[in-house]
There are 2 protein chains.
Amino acid sequence: MTEKMITEIKGWMQEAAVFIKTSLSTEMAVSQKSGRTDLVTNVDEETQALLIKKIKEQYPADKILAEEKGYSTIDSLAGRVWIIDPIDGTMNFVMEQENFCIMIAVFEDGIGKLGFIYDVMKDELCWGGKGIGVFLGEQKLIQPQNLGLSAGLLGMNAYMFGEDIHCAREIGHASMGVRVSGCAGIELIAMLKGNHIGYVSNLSPWDYAAGLVLLEEFNFLYSTIEGEDLSFSGREYFLAATPKAYNEIRTKFLDK
Amino acid sequence: MTEKMITEIKGWMQEAAVFIKTSLSTEMAVSQKSGRTDLVTNVDEETQALLIKKIKEQYPADKILAEEKGYSTIDSLAGRVWIIDPIDGTMNFVMEQENFCIMIAVFEDGIGKLGFIYDVMKDELCWGGKGIGVFLGEQKLIQPQNLGLSAGLLGMNAYMFGEDIHCAREIGHASMGVRVSGCAGIELIAMLKGNHIGYVSNLSPWDYAAGLVLLEEFNFLYSTIEGEDLSFSGREYFLAATPKAYNEIRTKFLDK
C-alpha cells in the first residue's frame, strides 16, 4: 500500500511540476490575499486542483487540507488526511520563477506517515516516511550531525529576524549565520541535508506538514516557538532544529 | 583578443570548478580569518593559486587583486587588473556544499571590461562585458525591467538588516521581501536575471568587481551606501539596484 502510494505521489508531483513549468512561459494572474506581499496566482490554484483531483480519484474517502480556497481548514486530523501546498514560496515563484516547492504530506490519525518536498526548478525531491527513512531523489540521506546553535546556519523568516520577534534576532546572531530563502520547503530540505541546523518562521500547516514527517525521522525537534505542539490550524510561530540547537534556543532565549 | 580571453577564462573556471567539486569529497582544512563567522579553507587558497597560475602564464604583466593571502591589496587600478574571488560564499561552501560562486573580473585602467560569476553547484555561469551584453551560459539575457523598491525582492546582508545599519531594515520592509543567500555572486546573478531589484551588503572588491561590469551593461545603479564611488579597497557598505529602486532608496531612506 505504502509503496504504491509513494509511486503515485511522485508521479502526481512530476505532473504538477510539468504544469507549473509550462505556465512560466504564459501570462500569470497574480492577486493579493491578506496583503501586498501575500500573493496567489492562478497557477497555485490550478496546481492544487490537479493534485486534489488525483487524490479524490484514488482515495475518495480521505480528507484534504490545502493552502488555497475551500480547503484551508479541517475539523480534525482523524482518519487519513492529505496536507498540500501546491506552490510553497509563491512570492519566489512570481518574482524569481525558481526557489519554490510543491509539498505533500499524508497523516493518519494525526501521525505523519509520508512527506514529499519538491524543489521544482532545481529538480530536487526530498521525501520519505515513518520508518522508511529520508531520501533525496533515489539516494538515502544519512541523519545530520547534532550540531549546536553556534555551529551552523539557521533558516529564518525575514520579518521575525528584522523585528526581533521571539528573540529571533539574538537567536540568529548566535548561529553561524542567518539565511532567508522565502520558501519553507527549501529551508526544510536544507535541514534534512544537514546544511542548516534549524528554521525559525511563521507557518501554516501546509508549510510544515511534509517537513515534520521527515524531520521526525531524523530526530530533529520541533514545536511552536512557545514550545507547544503545532496545532495544524492557522499560522503559528514555528521552531525546528537539531536536538542540541533546539534545547539551546529554548534555554538561552525563549524559556528565560 | 577579447574573444580569446573569454574562452580562456571560461576554461579556467571550469577547471577550478572541477577542483572544488573534487575537494568536497575530501577532508577540508577550515580556519577563521577576522572572527568565528569569517572562514577560509585550503580549497579557497588552492583555487586562487590555480587561477593566478593561469593568469600569470598567459598575462605575466597584468596585476592581480584577490581575496586570499598576498593578493588582497593593490596600489592602483592602472593597467590591466584581474580581480578574483576563488570561492565567494565560503560559509555556504563549508556548511552547505552549495550556494557559492567563483568570480573573475578584468578591469583596464579602472574600467570594467569583463565579468564572470559562476554558481558552481548549480552550474550557472553569468558572464559578459562592456559592449558585449550579459549572458547566462549561452543565452543572452534581456535587460531587466526598471522596477521600483516596492515591486521586487531585495538581496540583503543579514547583519545589516538585523541591526538596521544605514536603514537596511526599513529599506527591506519597503521592498516585496528580503532574501539572504550569504553569497554576493548569487545575489548579483539574481539581479541580472531580473529576479531581484537590488542588493544591500558589506563587500570587498572581489565580491563586487565582476558584478559591476555586468550591472553596468544593464544600467543598474551602484555605489557605496553613502552614494560615493566604490574604492576597490577594503570592505564597504554596498548598494546596487534598478535605477528606480536606487533613487527611491536614496531619497526616501539614505539622503533624508
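The values are calculated or read from the model by the stated rules, or taken from the named source; none is laboratory data. Quick caveat: nothing in here was measured; it's all calculated off a predicted structure. Because the Cβ atoms are built from the backbone with ideal geometry, glycine has one as well, and the counts that use them run over all protein chains shown.
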Of the residues in segment A:136-165, those that are touching a Phe, Trp or Tyr at 6+ places or on another chain (Cβ under 9 Å), in a helix (DSSP H, G or I) and within 10 Å of another protein chain (Cβ to nearest Cβ) come to A:Ala158, A:Phe161, A:Gly162
Looking at (1) farther than 20 Å from A:Ile102 by Cα; (2) of a type in the set (A, V, I, L, M, F, W, C); (3) within 18 Å of the chain's Cα centre (by Cα), which is the only condition A:Val213 fails?
(1)
Would you please name the residue that is surrounded by the fewest Cβ atoms within 10 Å (Cβ to Cβ), looking only at residues in segment A:53-73 that are more than 18 Å from the chain's Cα centre (by Cα) and aliphatic (A, V, I, L, M)?
A:Ala61
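Filter segment B:87-108 down to the residues that are of a type in the set (A, V, I, L, M) and surrounded by fewer than 24 Cβ atoms within 10 Å (Cβ to Cβ), then identify the one that is farthest from the other protein chains (Cβ to nearest Cβ).
In the first step, residues of segment B:87-108 are kept if they are of a type in the set (A, V, I, L, M); the result is B:87, B:91, B:94-95, B:102-106.
Still in the running and surrounded by fewer than 24 Cβ atoms within 10 Å (Cβ to Cβ): B:91, B:94.
Values: B:Met91: 6, B:Val94: 9 Å.
If we take residues in segment B:87-108 being of a type in the set (A, V, I, L, M) and surrounded by fewer than 24 Cβ atoms within 10 Å (Cβ to Cβ), then B:Val94 is farthest from the other protein chains (Cβ to nearest Cβ).
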Qualifying residue in segment B:11-24 (condition: modelled with pLDDT of 95 or more and either assigned by TED's automatic domain parsing to the domain that holds B:Ser181 or basic (Lys, Arg) (or both))
yes
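For B:Cys126, state whether it is hydrophobic (A, V, I, L, M, F, W, C), within 14 Å of the chain's Cα centre (by Cα) and more than 21 Å from A:Leu39 (Cα to Cα). It would help to see each step written out before you state the result.
On the way: hydrophobic (A, V, I, L, M, F, W, C): yes; within 14 Å of the chain's Cα centre (by Cα): yes; more than 21 Å from A:Leu39 (Cα to Cα): yes.
For B:Cys126, the condition - hydrophobic (A, V, I, L, M, F, W, C), within 14 Å of the chain's Cα centre (by Cα) and more than 21 Å from A:Leu39 (Cα to Cα) - is met.
Residues in segment B:192-214: is at least one within 14 Å of chain A (Cβ to nearest Cβ), part of a helix (DSSP H, G or I) and buried (at least 20 other Cβ atoms within 10 Å of the Cβ)?
First pass over segment B:192-214, keeping only residues within 14 Å of chain A (Cβ to nearest Cβ): B:192-202.
Then drop every residue that is not part of a helix (DSSP H, G or I), which leaves B:192.
Filter once more, so that each one left must be buried (at least 20 other Cβ atoms within 10 Å of the Cβ): B:192.
Checked against the condition, which is being within 14 Å of chain A (Cβ to nearest Cβ), part of a helix (DSSP H, G or I) and buried (at least 20 other Cβ atoms within 10 Å of the Cβ), segment B:192-214 yields at least one hit.
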Condition check: assigned to a helix (DSSP H, G or I), within 26 Å of B:Gly89 (Cβ to Cβ) and modelled with pLDDT of 95 or more. Does A:Gly182 satisfy that?
no
Mind checking which residues of segment B:109-124 are more than 16 Å from B:Phe19 (Cα to Cα) and within 14 Å of chain A (Cβ to nearest Cβ)?
B:Glu124
Scanning segment B:166-175 residue by residue, the ones that are at the interface with another protein chain (Cβ under 7 Å from one of its Cβ atoms) and either assigned to a strand (DSSP E or B) or among the β-branched types (Val, Ile, Thr) (or both) total 0
Counting only residues in segment A:138-183 that are out of contact with any strand residue (DSSP E or B) (no Cβ under 6 Å at 6 or more places or on another chain) and farther than 21 Å from A:Phe238 by Cα, the one surrounded by the fewest Cβ atoms within 10 Å (Cβ to Cβ) is identified as A:Glu138
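Test B:Glu236 against the stated conditions and say whether it is over 26 Å from A:Gly182 (Cβ atoms) and surrounded by 19 or more Cβ atoms within 10 Å (Cβ to Cβ).
Values: over 26 Å from A:Gly182 (Cβ atoms): yes; surrounded by 19 or more Cβ atoms within 10 Å (Cβ to Cβ): yes.
Spelling it out, B:Glu236 is indeed over 26 Å from A:Gly182 (Cβ atoms) and surrounded by 19 or more Cβ atoms within 10 Å (Cβ to Cβ).
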The lone condition A:Trp127 fails out of (1) crowded, with 23+ Cβ neighbours inside 10 Å; (2) away from chain B (no Cβ under 13 Å); (3) touching an Asp or Glu at 6+ places or on another chain (Cβ under 9 Å) is (3)
Note: among B:Glu57, B:Glu108, B:Glu98, just one is outside the structural domain of B:Tyr208 (by TED's automatic domain parsing) and touching a Lys or Arg at 6+ places or on another chain (Cβ under 6 Å), namely B:Glu108
Of everything in segment B:1-37, what is surrounded by 11 or more Cβ atoms within 10 Å (Cβ to Cβ) and among the charged types (D, E, K, R)? Give them in sequence order.
B:Glu8, B:Lys10, B:Glu15, B:Lys21, B:Lys33
Conditions (1) farther than 24 Å from B:Glu226 by Cβ; (2) within 11 Å of another protein chain (Cβ to nearest Cβ); (3) β-branched (Val, Ile, Thr) -> B:Val178 fails only (1)
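Going through segment B:74-93 one residue at a time, which ones are assigned to a loop (DSSP other than H, G, I, E, B), within 13 Å of the chain's Cα centre (by Cα) and within 21 Å of B:Lys4 (Cβ to Cβ)? Show your work before the answer.
Initial filter on segment B:74-93 (assigned to a loop (DSSP other than H, G, I, E, B)): B:74-79, B:89.
This time we only want the ones that are within 13 Å of the chain's Cα centre (by Cα), so: B:89.
None - no residue of segment B:74-93 is assigned to a loop (DSSP other than H, G, I, E, B), within 13 Å of the chain's Cα centre (by Cα) and within 21 Å of B:Lys4 (Cβ to Cβ), so the list stays empty.
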Of all residues in segment B:94-112, which are over 17 Å from B:Leu188 (Cβ atoms) and not in a loop (DSSP other than H, G, I, E, B)?
B:Val94, B:Met95, B:Glu96, B:Glu108, B:Ile111
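Going by the structure shown, is A:Gly172 in contact with a Gly (Cβ under 8 Å, 6 or more places away or on another chain) and touching a residue at least 12 places away in the same chain (Cβ under 8 Å)? Break it down into steps so the answer makes sense when it comes.
Numbers: in contact with a Gly (Cβ under 8 Å, 6 or more places away or on another chain): yes; touching a residue at least 12 places away in the same chain (Cβ under 8 Å): yes.
Here the answer is yes, as A:Gly172 does meet what is asked.
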Residue under evaluation A:Ser76, criteria (1) outside the structural domain of A:Ile20 (by TED's automatic domain parsing); (2) at pLDDT below 95, criterion not met:
(1)
